[in-house]
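Here is the structure we will look at.
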Amino acid sequence: MGLANRITILVKQKINIALTKYENPKEALDYSYVKQVELLNRLRRGIAEVATAKKRIELQKTKLLDNARTLDEQARRALDENREDLAKLALERKNANMLRLQSLDKQITEIKIEKEKLEQTEKRLSSKVEEFKSRKEIIKAQYSAAEAQVRIKESVTGISEEMADVGIAMSQAEDKTEKMKAKSQALDEMMDSGVLTDSSSNNIDIIERELENLSIKGSVEEELAKLKAERTKKKKRTTSEHEEELKEESTSVEEKPEIVQ
């Protein structure tokens, strides 16, 4: 087999696979039904045309019969007038019309037979088309039901192309969820062990400590001021008492009599 033939076969195979993949049986059935209806309508138009032709020939036959009667009367009148030549001419024309009438009768018979055949064919085809229409709807309903079942089963088993992305997304979401759970548990353990502390709690503790420090400083300053005041007061009292003692000693020395030698 030549290279060109192999390429041709390969292309045909690929095209056939692609067409099979994208072919919709429901659309194919509808298209077949439309084509059948078109053929049936074409057949009915053909029957109508045959009937029209038959009617046209019958009108010609009627006209020839009228002419034949007229010529027969003319021949009789010509004989009455002793015009045998005219009578003979009229009879010749009459016989020619009769020959044409025989031909028309034959055509009418043939057209009638053809029309009856076409009408029988139309009845059979009409019945077939109606039967196909009913079967088409049943097949479409069965196909839709089977297609729905396949899609549901594919979605459940995760083998459909449409659900592949959904399955991947779900798997990724589950992985991320597990990672977040693990991270949350690790943070909880670290916080419980004291490695990590809540930043908001730290801020609160810092504020509390600052307030406590301010309170302690205030108390210290207040107590220090009290101690200083007490010390100053005590110092003043001690100084006063010492001055009193000195004053008393001075007074006692002055009042003591001098010893005369």
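The values are calculated or read from the model by the stated rules, or taken from the named source; none is laboratory data. Since this is a predicted model, take the numbers as computed values, not measurements. Here the Cβ positions follow ideal geometry from the backbone for every residue, glycine too, while neighbour counts run over all protein chains shown. Surface areas here come from the heavy atoms of the whole protein model, side chains and all, with no ligands, DNA or RNA. Shrake-Rupley method; radii C 1.70, N 1.55, O 1.52, S 1.80 Å.
Worth a mention:
- Under 29 Å from Lys94, Cα to Cα: lysines that are on another chain or at least 8 residues apart: Lys54, Lys55, Lys61, Lys63, Lys106, Lys112
- Accessible area (Å², 1.4 Å probe, nearest 10) - Glu130: 100 Å²
- Here, P(r) means the percent of Cα pairs in each 10 Å bin from 0 to the largest distance; for segment 47-97 it is 28, 34, 19, 13, 5, 0.
- Sites Glu131 and Glu38 - FRET efficiency at Förster radius 25 Å, r taken between beta-carbons, to 0.05: 0.90
- Taken along the Cα-to-beta-carbon direction at a fixed 7 Å, the label points for Ala186 and Gln149 span 5.0 nm.
- Principal axis extents of the Cα atoms in segment 77-122, from largest to smallest and rounded to whole angstrom, are 59, 13, 7.
- Computed FRET value (nearest 0.05) for Glu122 with Asp175, which takes r as the C-beta separation and R₀ as 41 Å: 0.05
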